[in-house]
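Before any comments, here is the structure.
The values are calculated or read from the model by the stated rules, or taken from the named source; none is laboratory data. Quantities reported herein were computed from a predicted structural model and do not represent experimental measurements. Don't worry about glycine lacking a Cβ; one is built from the backbone with ideal geometry, like all the others, and counts go over all protein chains shown.
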Amino acid sequence: MTQVLTLQPLALESGPSPAPPPLFHHYKRIYLPLKYQHQLFVKVQAVLEDACYAFGRNNMGDLLKHKGWDSLECVELNIWAHIFASNQGKFESNKIASLGKSFSDLLNAVAQLRHTTVHRIRISARSVEQSLADAEQLAVLLNDTVCAQKVSRLRRETGSIVEELGRNKDLLKSKLADQLIDIASRRAELDRLEREAIEETLKEDADYQALAGVNLQQAMTVSDDLKQKGPMSKEETASDADADSDSSNEAPIDHE
């Protein structure tokens with residue numbers, strides 16, 4: 001009988017990647033394109049894992065031999081964070097004291113960098129810079145000058161890129177604000193013209209209504225006058241008819 005392998009869903013340590021933020025958030029809400037954030041973190045993770053393995057081989061050789069870890073690909077960055085947490089005595093105390101945070105907090109931050117990389121979690125540009133700073137501090141603790149220099153260069157260049165992106169967004173925000181003010185002014189002018197057009201139309205309609213009333217009143221007045229005068233007599237009717245006949249029989253005047 002063929003055995004069916006059932007894959008269980010992975011339980012992530014945090015929620016899904018947040019949706020991209022609106023264009024004009026504050027600087028701390030600036031996001032880098034996820035594609036390049038991921039490529040950056042993959043590179044940093046690889047450099048750190050190389051440095052961690054070199055440190056472990058030099059300072060914890062027995063542990064590596066016991067685990068059968070014969071190459072840097074054997075151990076992920078988050079595993080190194082757990083191992084280092086149990087071997088703080090292997091690190092120089094003066095460097096730990098100069099971290100500006102606890103040793104455990106630094107290791108947690110490094111483990112989170114690996115988690116962010118593996119699960120393609122989009123984080124803010126400021127968080128990216130902080131992750132690179134944490135990676136650089138770990139490289140210093142590991143006494144790996146080459147690793148520290150590589151991460152430091154990436155951190156500086158990323159910081160410059162983020163600053164430029166922030167300036168560009170500020171320029172766009174200022175430009176949009178000016179455009180919205182102009183649009184609002186035009187909208188207010190259009191609203192005023194609309195009100196004036198409506199008011200003028202209503203006024204003219206009222207004038208036409210009044211004129212119609214006057215005309216109707218005059219028509220009723222004429223009708224009342226005819227009623228008071230009464231019908232014409234036969235003599236008046238015949239006289240009017242003779243007058244019309246005489247006027248029609250008059251010879252035309254020769255103007256030559």
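A few remarks follow.
- Among the residues making up the stretch 165-181, those that are of a type in the set (A, V, I, L, M) and over 18 Å from E129 (Cβ atoms) are L171, L172, L176, A177, L180, I181.
- In the stretch 129-145, the residues that are in contact with a Phe, Trp or Tyr (Cβ under 8 Å, 6 or more places away or on another chain), in a helix (DSSP H, G or I) and among the hydrophobic types (A, V, I, L, M, F, W, C): L141
- Test for S160: is it within 28 Å of N87 (Cα to Cα) and either in a helix (DSSP H, G or I) or touching a Leu at 6+ places or on another chain (Cβ under 8 Å) (or both): no
- Here L10 clears all of (1) part of a loop (DSSP other than H, G, I, E, B); (2) at pLDDT 50 or above except the condition numbered (2).
- Residue list for the stretch 29-48, filter: farther than 11 Å from T117 by Cβ and surrounded by 16 or more Cβ atoms within 10 Å (Cβ to Cβ): I30, Y31, L32, V47
- Test for L180: is it more than 30 Å from V44 (Cβ to Cβ), in contact (Cβ under 8 Å) with a residue 40 or more places away in the chain and part of a helix (DSSP H, G or I): no
- Residue match in the stretch 156-166 (condition: farther than 16 Å from Y36 by Cβ, free of Cβ contacts under 8 Å to residues at least 12 places away in the same chain and of a type in the set (S, T, N, Q)): no
- Within the stretch 114-128, restricting attention to residues that are of a type in the set (K, R) and part of a helix (DSSP H, G or I), the residue that is surrounded by the fewest Cβ atoms within 10 Å (Cβ to Cβ) is R126.
- Residue list for the stretch 111-157, filter: out of contact with any Leu (no Cβ under 8 Å at 6 or more places or on another chain) and among the hydroxyl-bearing types (S, T, Y): T116, T117, S124, S127, T145, S152
- All told, A111 meets the bar of being in a helix (DSSP H, G or I), without any contact (Cβ under 8 Å) to a residue 40 or more places away in the chain, of a type outside the set (D, E) and under 24 Å from D50 (Cα atoms).
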